[in-house]
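The values are calculated or read from the model by the stated rules, or taken from the named source; none is laboratory data. Computed from a predicted model, the values in this text were never measured in an experiment. Note that we place each Cβ from the backbone using ideal geometry, even for glycine, and neighbour counts take in every protein chain shown. Note: accessible area is taken over every heavy atom of the protein model, side chains too, but ligands, DNA and RNA are not part of it. Shrake-Rupley method; radii C 1.70, N 1.55, O 1.52, S 1.80 Å.
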Amino acid sequence: MLECLVVGIGGFIGSVCRYAIGLIPLREGTIFPIKTLIINILGSFLIGVITGLALKNPSINPRLVLFIKTGICGGFTTFSSFALETGDLIKNGHGGLAVAYGFLSMVLGVIAVLAGEAFTRAS
């Protein structure tokens, strides 16, 4: 039961951080969903870092790993926003941007996880 509380608190923190980034004003008329892309890449990097640290140092408290990976990263990143924004781009006639957004989200997300893990090996 404590694990559920740990994940919930982490999720709260991640969700509030995601909301705060969503409040950052962008230039009027920006179509590309850059904030969600940045959020998902940052979250991917963070989950890579914590995974790398946990692998490097098995004495790290598993609840801390759960707090960050499932709680914070889970609350911070969002597949549903990605899917909604991609659908909106398609519906609004921006199919090319939708493909670019999907490609960048997947490729940069995986690269960010690997970079996060590599970052922990280098330090």
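So the values come out like this:
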| quantity | calculated |
| --- | --- |
| Test: residue in region 75-84 that is modelled with pLDDT under 95 and more than 15 Å from the chain's Cα centre (by Cα) | yes |
| Among residues of region 83-110, those that are among the acidic types (Asp, Glu) and over 21 Å from residue 44 (Cβ atoms), counted | 1 |
| Any chance residue 10 is open to solvent by less than 40 Å² (accessible area, probe 1.4 Å) and either farther than 25 Å from residue 107 by Cα or touching a Pro at 6+ places or on another chain (Cβ under 6 Å) (or both) | yes |
| Segments classed as helices (runs of 4 or more DSSP H), wholly inside region 22-123, with at least 2 members that are within 30 Å of residue 4 (Cβ to Cβ), free of Cβ contacts under 8 Å to residues at least 60 places away in the same chain and open to solvent by 50 Å² or more (accessible area, probe 1.4 Å) | 34-56, 62-66, 79-91 |
